[in-house]
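Step one of this worksheet: look at the structure below.
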Amino acid sequence: MIVLNDISYSIGNKPILDRVSCTVQPGEMLAILGANGAGKSTLLKIARGDLKPEAGNVSIGNRPLASWSHKELAQCSSVLQQQTILTLPFSVREVVLMGRYPHFKNTPAEQDLEIVQAALVQAGVEMLADRSYLELSGGEQQRVHLARVFAQIWQTDKKTRYLLMDEPGNNLDINHQHNALVMAKDFAGRGNCVVAILHDLNLALQYADKVLLLRKGVVQALGIPTEVLNEENLSHSYDFPMTIHYPESFEYPIILPAVTKQMLQPK
């Protein structure tokens, strides 16, 4: 379980987060949504221990975050960042193997190598395994890092793992955006906790179990997606008119910006 309790954070005199609270239970995927500057990335950095909140506290697995060692956290949690920069010509397999570093000292065990191969297959990059990472497109690199973070927290027992994702669809086409979230959803469904910052509201509707909607660092709404993501909440949070459609043949509603012809006229 991940618990964020009354989290507040400021930069100088500017408040970034104001008493934000939420809980992610094992088996749940939480999507954090909000306009640019809403505090999404800051909240995720606090959840993973990269920033210390001015007020409030974080706990993981019923333990204060501060009580976890770096090695303990690295063995049970992983973070997919928006962009990870590597400048050395590692092979794709070597990059994915980096996810196993917290689990061995000098030489990977056979199990580590098997996990790396399984993660490559799951992320759909096994055919790139021997290619130089630097030769890949941005989308291919993102899929390699997706394999890496899953290799890091690959389940070999029944202990809960924790996956934090900052815009997992960054640089990915629509097919691979869905595949990344299918992987995350399946991972959560096996008794783990997933927290993902998403910009695509429709993906949040389809994959998240809960949604935290932020506006200027304050919780606008928290709950199941179909209740939180209504026209009023969305229009207010994004300062832009939004509309929701309910096609008969679709399992989920569709969120669209309510763009008018007048809006398209040059100012």
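The values are calculated or read from the model by the stated rules, or taken from the named source; none is laboratory data. All values derive from a computational prediction rather than experimental measurement. Note that each Cβ is placed from the backbone with ideal geometry, even for glycine, and that neighbours are counted across all protein chains shown. Quick note on the areas: whole protein, heavy atoms, side chains included, nothing else; ligands and nucleic acids left out. Shrake-Rupley method; radii C 1.70, N 1.55, O 1.52, S 1.80 Å.
A few notes on this one:
- Linear extension gain, Ser249 paired with Asn171, 0.36 nm per residue minus alpha-carbon span: 25.1 nm
- Considered as an equivalent ellipsoid built on the Cα gyration tensor, the chain has semi-axes of 32, 23, 17 Å, the largest given first.
- Förster-model FRET efficiency, 35 Å R0, Gln82 and Lys105, C-beta, rounded to 0.05: 0.70
- Accessible surface, per residue, of the chain when the full set of protein chains is kept, probe 1.4 Å, Å²: 51
- Rounded, prolate or oblate (a/c below 1.5 giving rounded, otherwise prolate when a/b exceeds b/c) for segment 1-64 by Cα gyration tensor: oblate
- Gain on full stretching of the segment that runs from Glu114 to Ser132 - 0.36 nm per residue minus C-alpha separation: 4.4 nm
- Alpha-carbon centroids, segment 11-41 and segment 174-224: separation in whole Å: 13
- Reciprocal mean inverse distance between Cα atoms of segment 171-267 - Kirkwood radius, Å: 15.0
- Which of Tyr9, Tyr101 is most accessible, then next, and so on - probe 1.4 Å: Tyr101, Tyr9
- Within segment 105-230, DSSP assigns beta bridges of which about 50% are antiparallel (rounded to the nearest 5).
- Segment 1-140 - Rg and Dmax from Cα coordinates, angstrom: 18.0, 52
- Taking label points 7 Å from Cα along the Cα-to-Cβ direction, Ala35 and Glu232 give a separation of 1.9 nm.
- Two-site FRET efficiency, Phe90 against Ile11, from Cβ-Cβ distance with R₀ of 30 Å, rounded to 0.05: 0.30
- Taking all protein chains together and rolling a 1.4 Å probe, Cys22 ends up with roughly 10 Å² accessible.
- Dipole in debye (nearest 20) - segment 106-191, about Cα centre, beta carbon charges: Lys, Arg +1; Asp, Glu -1: 380
- Note on exposure: Lys159, Lys45, Lys210 ranked by accessible area (1.4 Å probe, complete protein assembly) read Lys159, Lys45, Lys210, with the most exposed listed first.
- A crude spin-label estimate for the pair Asp186 and Met1, with each label 7 Å from Cα along the Cβ direction, gives 2.9 nm.
- Surrounding net charge for Met242, when Lys and Arg each add one and Asp and Glu each subtract one, Cβ distance under 11 Å: -3
- Ranked by how many other beta carbons lie within 10 Å on average, peptides 237-245, 130-138 from highest: 237-245, 130-138
- Protein-only accessible surface order, largest first, of Trp68, Trp154 at 1.4 Å: Trp154, Trp68
- Of all accessible heavy-atom area on segment 170-267, the percent that carbon and sulfur account for (1.4 Å): 54
- Diffusion coefficient, µm² s⁻¹, Stokes-Einstein with Kirkwood Rh over alpha-carbon pairs of segment 98-177 at 4 °C and 1.567 mPa s: 96
- Within the accessible area of segment 1-119 (1.4 Å probe), percent carbon and sulfur: 51
- Share, in percent, of DSSP beta bridges within the chain that are antiparallel, nearest 5: 55
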